[in-house]
Amino acid sequence: QEPEMQRKLERELRLREGALKLLGACSRPEQALEAAKGLLLCNARVLEYMAELQRRKEAQLLRPGRDRRPSDTGPPVERLPCRGTVCVSDLRIPLMWKDTEYFRNKGELHRCAVFCLLRLGAEIQDTPMVLVDRTLTDICFESPILFSDAGPDFELRLELYSAGLSGGAPQGSTPRKLATRLSTSLGRSSGKRLRAAMEGGPGSPPGNGGTAPLLLPTPNVPGPKFHLLAHAVLSLAEVQDGFRTHDLTIASNEESSGWVPLYGSICCRLTAQPQCMGSTVCSGHLRLRQGSEGPSETLMFCVLRGTDLLCYRGPGEAEAGLEPVLTIAVNKETRIRSTEREGGGQPHGMAVTNRYGGEEVTHILVAESRAEAQRWLEAFWQHFYDMSQWKHCCEELMRIEMPPPRRPPAMLPRQGSLYHEMAIDPSDDIEAVTDILTRRAGAREPGPPPWLSLFEGHSPRAPSPSPPPRRPWGRPRTLSLDA
């Protein structure tokens with residue numbers, strides 16, 4: 001009954017199998033680190049998708065009115081707030097090295113691979129991996145991370161994982177009883193595959209009183225092991241259109257192979273943009289009554305968006321983004337009530353009242369029909385409810401940064417001499433060498449040097465004071481023959 005979630009679960013299970021095979025076949029450290037990270041990410045998403053499927057099935061069974069007849073009456077449907085987009089950017093985690101390690105550069109150089117896992121509801125995202133040693137004072141993840149389906153009661157859990165480059169202890173396994181209980185809530189094929197994946201061996205899931213995340217077992221394959229280093233939980237109260245510091249809970253100790261000396265805080269920019277602030281809530285034609293008793297009315301095309309009711313002469317001006325003729329403020333201080341058309345006795349419009357300074361200003365908006373007026377009143381009531389739930393996020397539109405395209409993971413720095421790091425364009429090799437030798441021998445021998453004929457396919461040429469420019473190329477060239 002949840003085909004989209006089932007497809008996501010099947011996809012993560014296949015990715016998990018591939019990550020396991022890749023982890024066992026990796027021969028380079030950067031490949032092993034990326035495979036171990038991908039395996040941990042798949043484990044977290046599989047468990048989260050399973051929990052979401054279980055919650056949806058329980059909600060379906062407990063849904064009110066499931067067996068009610070059409071003639072039965074019941075309480076009205078509860079109003080729900082709109083969804084929104086939550087963005088985390090400029091993520092920085094300060095480190096606290098000992099003075100002997102950072103300033104005096106003493107002791108063994110301990111290096112770790114670190115990345116962040118961010119959870120919001122059933123959506124899990126990760127950051128690129130960063131290599132950390134005592135030369136760094138901050139762990140920086142600059143790319144923004146978006147969650148596009150968040151409610152005002154969201155809890156964004158940020159988890160910092162670390163792995164020592166020398167390896168670590170394997171993770172624990174999920175108990176057989178838990179595997180049986182979770183697999184029975186899925187379909188036959190998904191449950192069978194998941195149960196086979198979870199029954200790796202005896203043990204218990206990692207946990208410290210329910211605060212640590214539940215992860216699927218990682219079989220004893222060679223390679224690096226990531227461990228939870230610290231975590232933090234951010235909610236609507238921490239949203240601010242600016243850089244802010246939050247507390248970080250340490251979940252590891254110095255005995256861990258992936259230990260990094262954390263300062264105990266995390267700095268980031270956490271912003272939120274509800275749908276009622278970034279998109280149109282309601283639009284349509286309304287008549288603006290100029291006087292409280294006069295019959296003069298002006299037909300306007302009105303758009304309710306954010307903290308304003310924008311009034312245009314027609315829909316074309318609204319689509320073109322022109323300046324509105326009139327802007328009516330809509331905020332938590334705005335009052336709205338339905339009005340009645342004279343002689344009709346039916347509500348056909350609304351009165352919008354705002355206080356500007358010490359004076360109240362009321363605008364009368366009249367709809368063409370009662371149904372149209374009811375549609376606008378319902379839009380206003382829902383808009384006010386959304387603003388009350390999202391609180392300070394509806395005072396002004398916060399800027400949401402769009403993440404750049406994800407690049408392939410960067411390679412670990414190679415260990416070797418400068419000779420192996422030199423790169424010369426193959427099509428430019430002969431000219432690079434001949435230019436160096438020409439400059440050295442040009443002062444002693446006029447004309448082309450005799451050794452130039454030794455290079456195949458290169459005809460002698462007369463020296464020119466200004467050689468023609470060669471085509472540009474991206475890799476740097478090291479003229480090591482000058483040494």
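The values are calculated or read from the model by the stated rules, or taken from the named source; none is laboratory data. Keep in mind it's a predicted model, so treat the numbers as computed, not measured. Counting neighbours? That spans all protein chains shown, and the Cβs are built from the backbone with ideal geometry, glycine included. Areas reflect the complete protein model, heavy atoms only, side chains present, ligands, DNA and RNA absent. Shrake-Rupley method; radii C 1.70, N 1.55, O 1.52, S 1.80 Å.
When Lys and Arg each count +1 and Asp and Glu each count -1, what net charge do the other residues less than 11 Å away from ARG45, Cβ to Cβ, add up to?
-1
Go ahead and run the numbers for FRET between ARG337 and ALA25, Cβ-Cβ distance against an R0 of 60 Å, rounding to 0.05.
Efficiency at R0 = 60 Å is approximately 0.30.
By accessible area of protein heavy atoms, probe 1.4 Å, what ranking do ASP126, ASP153, ASP241 get, highest first?
ASP153, ASP241, ASP126
Leaving out ligands, DNA and RNA but keeping every protein chain, what accessible area does HIS348 have, in Å² rounded to the nearest 10, with a 1.4 Å probe?
Its heavy atoms expose roughly 40 Å² to the probe.
List the residues, sorted by chain then number, that are 5 or more residues from LEU326 or on another chain and whose placed amide H is less than 5 Å from its amide H.
CYS311
Please turn the phi angles of region 302-316 into ³J(HN,Hα) values with the Karplus equation 6.51 cos²θ - 1.76 cosθ + 1.60 (θ = phi - 60°), one per residue in order, whole Hz, x for glycine and proline.
Computed from phi, the couplings for region 302-316 are 9, 10, 9, 8, x, 9, 9, 10, 8, 10, 10, 6, x, x, x Hz.
Quick one: which residues, 5 or more positions from ARG83 or on another chain, have an amide H under 5 Å from its amide H? H modelled 1.01 Å from N in the peptide plane, none for Pro or chain starts.
Amide H neighbours of ARG83, under 5 Å, 5+ apart: GLN275.
What is region 1-45 by shape, rounded, prolate or oblate, if you read a ≥ b ≥ c off the alpha carbon gyration tensor as root eigenvalues and call it rounded for a/c under 1.5, prolate for a/b larger than b/c, and oblate otherwise?
Here region 1-45 falls in the prolate category.
Given a 1.4 Å probe and the protein chains all in place, what does the accessible area of PHE141 round to, in Å² to the nearest 10?
About 10 Å², rounded to the nearest 10.
Which order, highest average first, do 78-85, 356-363 follow once you tally other Cβ atoms within 10 Å for each residue and take the mean per peptide?
The densest-packed peptide leads the list: 78-85, 356-363.
Would you mind counting up the charge near LEU22? Only other residues with Cβ under 14 Å from its Cβ, with Lys and Arg at +1 and Asp and Glu at -1.
Result for the local shell: +2.
Starting from the Cα-Cα distance between TYR356 and ARG63, subtract it from 0.36 nm times their residue separation and give me the gain in nm to one decimal.
Residue separation times 0.36 nm, minus the Cα-Cα distance, leaves 100.9 nm.
Less than 12 Å Cβ to Cβ from GLU333, Lys/Arg counted +1 and Asp/Glu -1: what total charge do the surrounding residues give?
Local net charge: +1.
In whole Å and largest first, what semi-axes does the C-alpha gyration tensor of region 280-394 yield when each eigenvalue is scaled by 5 and square-rooted?
21, 17, 15
May I ask you to give the percent of accessible area on region 280-394 that is carbon plus sulfur, with a probe radius of 1.4 Å?
With neighbouring chains kept in place, the figure for region 280-394 is 46 percent.
For GLY223, what residues show an amide H to amide H distance below 5 Å, using hydrogens built from the backbone and excluding near sequence neighbours?
none
Can you pull the one-decimal nm distance between simple spin-label points at GLN275 and MET96, each 7 Å off the Cα toward Cβ?
4.3 nm
Can you list the HN-Hα couplings for region 272-284, worked out from phi with the Karplus curve (6.51, -1.76, 1.60; θ = phi - 60°), rounded to whole Hz and with x for Gly and Pro?
3J(HN,Hα) across region 272-284, in whole Hz: 9, 9, x, 5, 5, 9, x, 10, 6, 7, 7, 8, x.
Once fully extended, how much extra length lies between THR327 and HIS392, figured as 0.36 nm per residue of separation less the alpha-carbon to alpha-carbon distance?
21.3 nm
Taking 22 Å as R0, compute the FRET efficiency from the Cβ-Cβ separation of GLU401 and ASP247 and round it to 0.05.
After rounding, the FRET efficiency stands at 0.40.
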